[in-house]
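This report refers to the structure that appears directly beneath it.
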Amino acid sequence: MTAECCGYPISIFFIVVNEFCERFSYYGMRAVLVLYFRYFLLWDDDLATSIYHAFVALCYLTPILGAIIADSWLGKFKTIIYLSIVYAIGQVTMAISTIHDITDANRDGTPDNFTFHIALSMLGLILIALGTGGIKPCVAAFGGDQFQEHQSRQLNTFFSVFYLCINAGSLLSTLITPVLRAQECGIHTQQQCYPLAFGVPAVLMVISLVVFIAGSGMYVKTDPEGNIMWSVCKCIGFAIKNRFRHRSSSYPKREHWMDWANEKYDKLLIAQIKMVLKVLFLYIPLPMFWTLFDQKGSRWTLQATTMSGDFVSILISTVNPILILTLVPIMDRLIFPLIQKCGLNFSPLKRMTVGMLFAAMAFVSAALVQIEIDKTLPNFPSSSESQLKVVNTYSTTLNVTISPNEHLLIESFGVQLHTSKHTYSTISCMFVNDFSLIHGEQWCEFSRKFGFGASYTFLIPSTVFSDDCESITEVEDMKPNSVHMALQIPQYFLITTGEVMFSVTGLQFSYSQAPKNMKSVLQAGWLCTNAVGNIIVLIVAELGKLPKQWAEYLLFASLLVAVSIIFSIMAYFYTYIDPAEIEAQVRKEQGLEPEEMEKETLEMEEKDEDQKNEQGVKQTKI
Ligand SMILES: NCC(=O)N[C@@H](CC(=O)O)C(=O)O
């Protein structure tokens, strides 16, 4: 019997605090990672972005490794501890790699040996990906293991609180670590303080580990049952081979293709594999949701840069966790109970379908915003056009004629702040509020706000420095961005509502439908849908874009609607199961473990029927 508080096992307190600290560590490090690549290692934008995405994809591929270790070998508890140590070492390695003084022998403020910093940071990132991905499927499943049969309502609430902690950690760290980076620190020279920005997440990871270990005495720990993954693969392989051997129509058909493993494998294992395969089959369309969801960080961020408003980066990085923190309680306490009161069965798979439709609507909203933005954008010359600008300072109107077949050469002008005579200079700046023209002691100051996205030309007559700055003419070549980024809020709201319905429910669903010894494996399968979604984004980005961004948004929205229709059909044919009940039935048929079975049957009878309905559970025999 585990210690309880308000109907919840006390042990989950340690698990949610552990998750909060771990997510703080992960998202805090991620918030400054690209900046570190760009401004410390001096990589270009493309390299920095590719390595960043490769790292994120790796973080969602390693869960399968963690799940295999947990379910087949070490058990969830030990896997979390060992991989958290790897994770903390990775974070510390990463923080050390950002200390510029280590290789700055000539004390000029920049590292002298970039290879050292690159090698150390790559090692750190690999360890972090192994750690964060490895523990990810185990922590959620381990949290679920703390609940008993009669606590199914509390179990659902746990997954929501778990998701809240993830986003609380993410919100705080995304706000804090960029501020830490902006500090100055160093032994020989003062530079932007990357060691602090990466060091604080490292400390949080150590705290996360300590909190998890502190709860040791209270956890329900399930032992791994041998190398389950290997047995699963062998069993599936045998079923396929056996089916092929008996392909002639003279052999009687079997109810399920996995039944062809009956000759050699335990019925219980076969039943468990059937449960897992049914859920994995259902996962096939799911990556499409993540394909859209993960474009928040790429296409939508780029969209924001063509809009007006001074809070781009803060808005972009925090709007999702803020909305999660608001929407999860509203959904859990208000919307879902209200739907239930209306007598509607809003089962997990229906919620996930609706979640997908919300994400599709978010992209329709993004397309509408894009259409508004496009109206305000200047027309740039296409690859088959040239743009010619003629500045007339002559005293009379001139007519310009252009020969249609003339190929115009566009010259690129150098960037030069202090212009020499007849040199044209282009200066791109952020947050320009004033600029001055200095010539010896004399100067002209232009003090006002220049709009984002705008382009100005200042025509300076040869007489300007004699006395009057008034004679300088300012021409607005491109208008400033005028569509306010507040217009993006509906799309963020819709996609986050979709996330709450899809992701939180998917997490619960993956746990509830998995047999006891394969819970982490199914969590890892769930996380893999995210990795595949990210890979699709990379492929689509590589394959080139539609000429109009809004059209691409609509294409993605239509694809997700199509996928959600397919998913809803698959979901219609899916029968919710209670894995424990099926396992007990199989054992009964096999005449095994009567005492065990009796206990399980008793527990099942005690189950609250209302709680079953809430989850839309229909018992069935596989
Ligand atoms: N809002 C992002 C979020 O909550 N992400 C979760 C789920 C996931 O990434 O799969 C997390 O960081 O764990």
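Things worth noting here:
- Against the numbered list (1) at pLDDT below 90; (2) within 16 Å of the ligand (Cβ to nearest atom), Ile539 comes up short only at (2).
- Scanning segment 144-197 for residues that are open to solvent by less than 20 Å² (accessible area, probe 1.4 Å) and outside any helix (DSSP H, G or I) yields Gln146, Cys193.
- Within segment 3-95, helices (runs of 4 or more DSSP H) holding 3 or more residues that are within 14 Å of the ligand (Cβ to nearest atom), of a type outside the set (A, V, I, L, M) and in contact with a Ser or Thr (Cβ under 8 Å, 6 or more places away or on another chain): 11-35
- Segment 291-306, subset assigned to a helix (DSSP H, G or I) and open to solvent by 10 Å² or more (accessible area, probe 1.4 Å), residue nearest to Gln508 (Cα to Cα): Phe293
- Among residues of segment 327-357, those that are within 16 Å of the ligand (Cβ to nearest atom), surrounded by 14 or more Cβ atoms within 10 Å (Cβ to Cβ) and either free of Cβ contacts under 8 Å to residues at least 12 places away in the same chain or β-branched (Val, Ile, Thr) (or both), counted: 1
- For segment 500-525, the tally of residues that are within 11 Å of the ligand (Cβ to nearest atom) and open to solvent by 10 Å² or more (accessible area, probe 1.4 Å) stands at 1.
- Within segment 247-290, the residues that satisfy the criterion of being of a type in the set (Gly, Ala, Ser) and open to solvent by less than 70 Å² (accessible area, probe 1.4 Å) are Ser248, Ala261, Ala271.
- Criterion: out of contact with any Lys or Arg (no Cβ under 6 Å at 6 or more places or on another chain), closer than 23 Å to Ile577 by Cα and of a type in the set (Gly, Ala, Ser) - qualifying residue of Ser216, Ser231, Ser248, Ser208: Ser231
- Test for Leu559: is it hydrophobic (A, V, I, L, M, F, W, C) and at pLDDT 80 or above: yes
- Helices (runs of 4 or more DSSP H) lying entirely in segment 464-575 (those with 3 or more residues that are over 22 Å from the mean Cα position of the chain (by Cα)): 549-572
- Hey, Ala531 more than 16 Å from the ligand (Cβ to nearest atom), open to solvent by less than 10 Å² (accessible area, probe 1.4 Å) and within 16 Å of Lys136 (Cβ to Cβ) or not: no
- Search result, residues across segment 568-580 that are closer than 17 Å to Leu522 by Cβ and either modelled with pLDDT of 95 or more or surrounded by 14 or more Cβ atoms within 10 Å (Cβ to Cβ) (or both): Met570, Ala571, Tyr574, Tyr576, Ile577, Asp578, Pro579, Ala580
- Looking across segment 71-81, the residues that are under 17 Å from Gly143 (Cα atoms) and either over 24 Å from the mean Cα position of the chain (by Cα) or surrounded by fewer than 24 Cβ atoms within 10 Å (Cβ to Cβ) (or both) come down to Asp71, Leu74, Gly75, Phe77, Lys78, Ile81.
- Remark: Met361 matches the filter, which requires a residue to be part of a helix (DSSP H, G or I), open to solvent by 40 Å² or more (accessible area, probe 1.4 Å) and modelled with pLDDT of 95 or more.
- Hey, Gly124 surrounded by 19 or more Cβ atoms within 10 Å (Cβ to Cβ), of a type outside the set (D, E, K, R) and without any contact (Cβ under 8 Å) to a residue 60 or more places away in the chain or not: yes
- Options Leu175, Leu196; residue that is modelled with pLDDT of 90 or more and within 16 Å of the ligand (Cβ to nearest atom): Leu175
- Close pairs (9 angstrom Cβ cut-off, 6 or more residues apart or separate chains): farther than 21 Å from Phe159 by Cβ in segment 520-539, near the ligand (Cβ under 10 Å from one of its atoms) and modelled with pLDDT of 90 or more anywhere: Val532/Tyr60; Val532/Trp290; Asn534/Tyr60; Asn534/Trp290; Ile536/Trp290; Val537/Trp290
The values are calculated or read from the model by the stated rules, or taken from the named source; none is laboratory data. Everything numeric in this text was worked out from a predicted model, so none of it was measured. Neighbour counts run over all protein chains shown; Cβ positions are idealised from the backbone, glycine included. Surface accessibility is based on the protein's heavy atoms, side chains included, excluding ligands, DNA and RNA. Shrake-Rupley method; radii C 1.70, N 1.55, O 1.52, S 1.80 Å.
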